[in-house]
Amino acid sequence: MALLATMAACRTRAPEPGLVEDVRMAMGSTLRISVWTTDREGASTAIAAAFTEFDRLESALSVWRPGSDVARLNAAAGGPAVPVGPDTRAVLRAAREAGLLTGGKFDITFGALSDIWKFDHDQDNRVPAPEAIAARLPFVDYEAVEVDEGRGTARITRAGVRVHLGGIGKGYAMDRAADLLRGRGFEHFLVQAGGDLYAAGRRGDRAWRVGLADPRGTDGESFATIELSDETFSTSGDYERFFEKDGVRFHHLLDPDTGQPARLCRSVTILAKSALQADWLSTGVFILGPDEGLALVERLPDVEAVIVTAANEVKVSSGLGQRLRLERAPTP
């Protein structure tokens, strides 16, 4: 009888919670989704659905996808408005607000420079001639992008202006993936794509612990850690897509006013409630520089920042307090 009782107890024991994870490529980054749950089958299905959502949004927002909303919008620059989906309109509206808040330092029309500065899969390690950059700068103008919500359209008002959503589209997709996972009943998960991360709930009895990449470190080294719960995290750095020539580092975070890589920071990490906001802010603050960037962060509710300056100093926004754990100084 004792043996039968023991067997019955084993059959009714609740499953232990643990991580269910999967990894894919999406939007040019390695996308990892981790769910802390007892429902392994349900989590696997939800993760697959989140990957599908990323694919759907990439097909609308990517400049590299023929027939995407962004590709059609660019092709019609200077002409009539084109129909675009609600996701594209939402990102374009957010990008305009980001441009206003950063004084134009975050500008999705940096696409006008993207065929002379090549940092994507077409990287060629060439520095454009100054006259080539100067010829493109008049076409870097986020105010040339208009959205008509009533008609479901968008328009670029001037030929030569070109939209690129590389600094904001991934954050939007992460928010949508998080909405999907919550809609499937999962409250504890981590969505990570490159330097962007969405941390929901907890990993068991503690918050999610993540590291801040050392801009001059190797093999994914971090110089600090922080615990996150129901918060997003985005890092922009001069070490992500770059090349060096004659001892000078050239990277993909271009200042819209000069057409040159921004030089005041090595990395910027933003913590916020929205992945979309964290995504564009990490780029915008990087280009603004540590002083103006931190001033902007301090004005925004529920936003914090960690900045590694060009001089390798670590600057932290006032609201982080003791949350940030500095393990060591960043590599010189």
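Being polar (S, T, N, Q) and surrounded by fewer than 24 Cβ atoms within 10 Å (Cβ to Cβ) is the filter; apply it to segment 278-328 and report the residue that is farthest from His252 (Cα to Cα). So that I can check it myself, show each step before the final result.
Pass one, segment 278-328, residues polar (S, T, N, Q): 282-283, 309, 312, 317-318, 322.
Checking the rest, the ones that are also surrounded by fewer than 24 Cβ atoms within 10 Å (Cβ to Cβ) come to 309, 312, 317-318, 322.
On the way: Thr309: 17, Asn312: 19, Ser317: 25, Ser318: 29, Gln322: 32 Å.
Ranking the qualifying residues of segment 278-328, first place goes to Gln322.
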Identify, from the list Gly104, Gly169, Gly111, the residue that is buried (at least 23 other Cβ atoms within 10 Å of the Cβ) and under 19 Å from the mean Cα position of the chain (by Cα). Gly169
Within segment 66-88, of all residues that are part of a loop (DSSP other than H, G, I, E, B) and within 21 Å of the chain's Cα centre (by Cα), the one farthest from Ala112 (Cα to Cα) is Gly85
When you check Leu190 against the structure, is it of a type outside the set (Gly, Ala, Ser), under 21 Å from Leu253 (Cβ atoms), part of a strand (DSSP E or B) and touching a strand residue (DSSP E or B) at 6+ places or on another chain (Cβ under 6 Å), yes or no? no
When Arg241 is run through (1) surrounded by 19 or more Cβ atoms within 10 Å (Cβ to Cβ); (2) modelled with pLDDT under 95, the failure sits at (1)
Can you find even one residue in segment 113-121 that is in the same structural domain as Ala77 (by TED's automatic domain parsing), modelled with pLDDT of 95 or more and outside any loop (DSSP other than H, G, I, E, B)? yes
Which of the strands (runs of 3 or more DSSP E) found entirely inside segment 207-296 contain at least 3 residues meeting this: under 18 Å from Phe106 (Cβ atoms) and out of contact with any Gly (no Cβ under 6 Å at 6 or more places or on another chain)? 231-237, 265-272
Look at Asp69 and say whether it is outside the structural domain of Arg184 (by TED's automatic domain parsing), touching a residue at least 40 places away in the same chain (Cβ under 8 Å) and in contact with a Ser or Thr (Cβ under 6 Å, 6 or more places away or on another chain). yes
Between Val20, Val63, Val91, which is part of a helix (DSSP H, G or I) and either crowded, with 16+ Cβ neighbours inside 10 Å or outside the structural domain of Ala177 (by TED's automatic domain parsing) (or both)? Val91
Cβ pairs under 6 Å, 6+ apart or interchain, first in segment 226-250 and among the aromatic types (Phe, Trp, Tyr), second surrounded by fewer than 15 Cβ atoms within 10 Å (Cβ to Cβ), ordered by first then second residue, are Phe242/Arg249; Phe243/Asn125
Can you tell me which condition Asp69 does not meet? The list is (1) touching a helix residue (DSSP H, G or I) at 6+ places or on another chain (Cβ under 8 Å); (2) within 20 Å of Asp175 (Cα to Cα); (3) surrounded by fewer than 22 Cβ atoms within 10 Å (Cβ to Cβ), and all the others hold. (3)
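The values are calculated or read from the model by the stated rules, or taken from the named source; none is laboratory data. Bear in mind that the values here come from a model prediction, so they are computed numbers and not experimental data. Glycine gets a Cβ as well: all are built from the backbone with ideal geometry, and neighbour counts include every protein chain shown.
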